[in-house]
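Please read the structure below before turning to the comments.
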Amino acid sequence: MQLTGDRVTLRAWRPSDAPSLAKHANNRNVASQLRDRFPHPYTLADARQFIQSVAGAHPTMLFAMVVDGEAVGGIGFFPGSDVERFSAEIGYWLAEPYWGRGITVEAIRLMSAYAFETCNMLRLFALPFASNARSTRVLEKAGYTREGLMRSSSVKYGEIRDQALYALVNPNWKGA
């Protein structure tokens, strides 16, 4: 599975991506904006374990963000269960040297279209830290709407943080 845009290609993670993943993910500025399951420091062993854990998933829900042939970030979605089974949280990260180039906006658009068209998702949502203006702006540029503010909803590195709630609804949902 590969999704191709002008700035970025999304594809399944490969074992050969491990060195690039470890290099780009091992950045506190990246890790500080993500869930705790994204380790810091990020080692080669972490990269290999992650890639092994997502290998062969069908459908593919976690993709490498590839620029100039190198995996420089990741994007994916995590479907809910029960009554939320057609709703999924989208998450993403991009290596700091690539920030500000429109790569993540394009990746979110590609991923959203794939989740809607291929996986029959009704709604995608994201929960960036409210203080992360870059991420909230990226979501807005990708067509997501701010639905609310979740006050004191998380703790990262010992600091209480608010999260913003952004969502995109599939206007062409096929139904259950």
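The values are calculated or read from the model by the stated rules, or taken from the named source; none is laboratory data. A quick note: this is a predicted structure, and the numbers were derived from the prediction, not measured. Backbone-built Cβ (ideal geometry, glycine too); neighbour counts: all protein chains shown. SASA here: full protein model, heavy atoms, side chains in, ligands and nucleic acids out. Shrake-Rupley method; radii C 1.70, N 1.55, O 1.52, S 1.80 Å.
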Checked region 45-116 with the C-alpha gyration tensor, a ≥ b ≥ c its square-rooted eigenvalues, rounded below a/c of 1.5, otherwise prolate if a/b is larger than b/c and oblate if not; verdict oblate
Out of P79, P97, P128, any idea which swings most in a Gaussian network model of the chain, alpha carbons joined below 10 Å? P97
Solvent-accessible area per residue for the chain (1.4 angstrom probe, square angstrom): 53 Å²
With springs only between Cα atoms under 10 Å apart, run a GNM on the chain and tell me which of D82, D17, D68 wobbles the most. D82
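Within the chain, which DSSP H helices have Cα atoms that stretch 15 Å or more along the helix axis and a mean Kyte-Doolittle hydropathy of at least 0.0?
Qualifying helices: 44-54, 103-117.
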Could you tell me the ratio Rg/Rh of the chain? Both radii from Cα atoms, Rh via Kirkwood. 0.94
Of the accessible area of region 58-174, with the probe set at 1.4 angstrom, what percent is carbon plus sulfur? 52 percent
For the chain, build the charge dipole from Cβ charges (+1 Lys, Arg; -1 Asp, Glu) around the Cα centre, then report which of S131, G148, T9 sits farthest towards its positive end. S131
Counting only C-alpha contacts under 8 Å and six or more residues apart, can you give the relative contact order of the chain as a whole percent? 19 percent
Charge dipole (debye, nearest 20) of the chain; +1 at Cβ of Lys and Arg, -1 at Cβ of Asp and Glu: 140 debye
Computed [θ] at 222 nm, deg cm²/dmol, the chain (DSSP H ≥ 4; -39,500 (n - 2.57); rounded to nearest 500): -7500 deg cm²/dmol
Estimated dipole of region 46-118 in Debye, rounded to 20 [Cβ of Lys and Arg +1, of Asp and Glu -1, Cα centre]: 60 debye
So what is the diffusion coefficient of region 9-98 in µm² per second by Stokes-Einstein at 20 °C and 1.002 mPa s, using a Kirkwood Rh over Cα pairs? 158 µm²/s
Of the trypsin sites (Lys or Arg not before Pro) in region 142-176, those whose Cβ has at most 15 other Cβ within 10 Å and which sit in DSSP loop: K174
Taking the Cα centre of region 86-176 as origin and charging only Cβ (+1 Lys, Arg; -1 Asp, Glu), how large is the dipole, in debye to the nearest 20? 120 debye
Where a ≥ b ≥ c are root eigenvalues of the Cα gyration tensor, a/c under 1.5 meaning rounded, otherwise prolate if a/b exceeds b/c and oblate otherwise, region 79-158 counts as oblate
